[in-house]
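All remarks here apply to the structure that follows.
Throughout, read-outs are computed from the coordinates displayed, never taken from laboratory work. Since the structure is predicted, the reported quantities are computational estimates derived from the model, not experimental observations. We place every Cβ from the backbone using ideal geometry, glycine too, and count neighbours over all the protein chains shown.
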Amino acid sequence: MIGAANSGDELTIQPPPLPVDCGKPLAPISSAERILSLDVLRGCALLGILIANMVYFSQPLDVMGFRNDFWFSPLDKVADGISILLVEGKFYPLFSFLFGLGFSIQMDRAASRGMDLLPVYRRRLIVLAGFGLAHGIFLWEGDVLLAYAICGSGLVLFRKRKPKTILIWATAFIVLPGLLMLLVGWILSLLSGITEFSEAMNEAFAEDQQLEFDLIHAYVLGSYPDAVFYRLGTMLYTITGTLMFAPAFLGLFLIGMLVGRKGIIKNVVEHRGLLLRILIGCGSVGLAANFLGAWVMIAGSAGRDFGFLLVGTGIISIFGPVLTFSYIAGVVLLVSRRLSLTLLMPIASVGQMALTNYLAQSAIATTIFYGYGFGLGGSVGRLGTIGIALLVFAAQVVFSVIWLKFFRYGPLEWLWRSLTYGKRQSMRL
């Protein structure tokens, strides 16, 4: 507020006070500024992503087709159904939501210093894209970091838009890929009843057998250079496939940015009622819709109907994020109850080192399943992959807790920050 002071007949206009941090250079967030619930959510996201990705670590991405081709025992099928219902399509949305929320926090910190965020943010995205390329070439072809870096530039276009405008665009971006899958799946299901179309599809699958053989040789039987060369040869195809989900990524970024702008997670007491409504409402709708999507996917696999399988995937794509919002509300409310912190703090440690742990998961899992490691690809059922995921995550919890007793950041977080800010960051506590 502009103040006024009288000095005789003169009126002196006093400028508004500057923010406390005005003029301070932009720097990585300190330990004191961290929001515990966000680190817990990142840790939960890493666990869910690992469980979901184990399907694809244990079988190369391009080989994955009808799910019952890989899970034979009843327990494996039950575990796969539960994973589709509660995990798959729920935790990458959580990761995406947190990316947008982080952008909102970065904007607030830059504004409090009276500085422009964009130069630092662009460098941050460029470094993230570098991590994504390295991940996709040298570790695993299922990388999303490059797509995040590309979609992250779209956030800048919405940073000054009204909340209603952001919400409309975000909803459209999230729903669009799922609707497209529903349409294509429905058309394929209709065409599958036509003999000529079915025969053409079978011929196309037969032509892909040589490609599938090369793929299996590269990953399950081949050496590490074989896998790297195969990834290089199919990089454009892989990136194109990932970017098909770019609208959904951007939509979830926008939801995260909007929630950060509203301060919903920072001020839990003020927004407890809203969080409870999200927990119950999104939880009810999300569970019902994802149950339908899981049933359709499993039925499509059992009947070897690719169109039906795609319809189920489309339902999960649209309503997976709905269940994600319920998870977010539940975790935030749980963190606000201090009695739960003993259980949640180790998970927060994993989330505080999210980039390091995400890339480490790829390194560990590919070593377990690919031919240049233990070569277990194709020999572990779905229940076994979930068990392996839980063991890997438990090891990451122990590692993260110990590491953060001595260091401020994870090793890759330190590198990311140092490159982003153009200055070597202090590592040790």
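Packing, taken as the mean count of other beta carbons within 10 Å per residue, orders the peptides 345-353, 117-125 from highest to lowest as 345-353, 117-125.
Highest mean packing first, where packing is the average number of other Cβ atoms within 10 Å per residue, the peptides 227-235, 145-153 line up as 145-153, 227-235. Under the rule a/c < 1.5 gives rounded, and otherwise a/b versus b/c splits prolate from oblate, where does region 49-417 land using the Cα gyration tensor? The shape class here is prolate.
What is the sum of charges around Leu94, taking Lys and Arg as +1, Asp and Glu as -1, for the other residues whose C-beta is under 15 Å from the C-beta of Leu94? The partial results should precede the final answer.
Details: positive: Arg42, Lys90; negative: Asp39, Glu88.
So the environment of Leu94 carries a net charge of 0.
If you stretched the chain out fully between Thr342 and Met427, how much longer would it get, using 0.36 nm times the residue separation minus the C-alpha to C-alpha distance?
Values: separation 85, 0.36 × 85 = 30.60 nm, distance 2.57 nm.
That works out to 28.0 nm of additional length.
Label positions at Tyr237 and Lys266, each projected 7 Å from the Cα along the C-beta direction, are separated by 4.7 nm. The packing ranking of peptides 354-363, 173-182, 159-168, 314-323, highest mean first, is 314-323, 354-363, 173-182, 159-168, where packing means the average number of other beta carbon atoms within 10 angstrom of each residue.
Just subtract the alpha-carbon distance of Ser284 and Ile126 from 0.36 nm times their residue separation and send over the number in nm, one decimal. List each step's numbers first, then the result.
Working: separation 158, 0.36 × 158 = 56.88 nm, distance 3.94 nm.
The span from Ser284 to Ile126 would gain 52.9 nm if fully extended.
Using 0.36 nm per residue and subtracting the Cα-Cα separation, the extra length available between Phe138 and Leu292 on full extension is 51.7 nm.
Over 32 Å apart at the Cα level, from the set Lys90/Lys262; Lys266/Lys423; Lys90/Lys162; Lys77/Lys262, are Lys77/Lys262.
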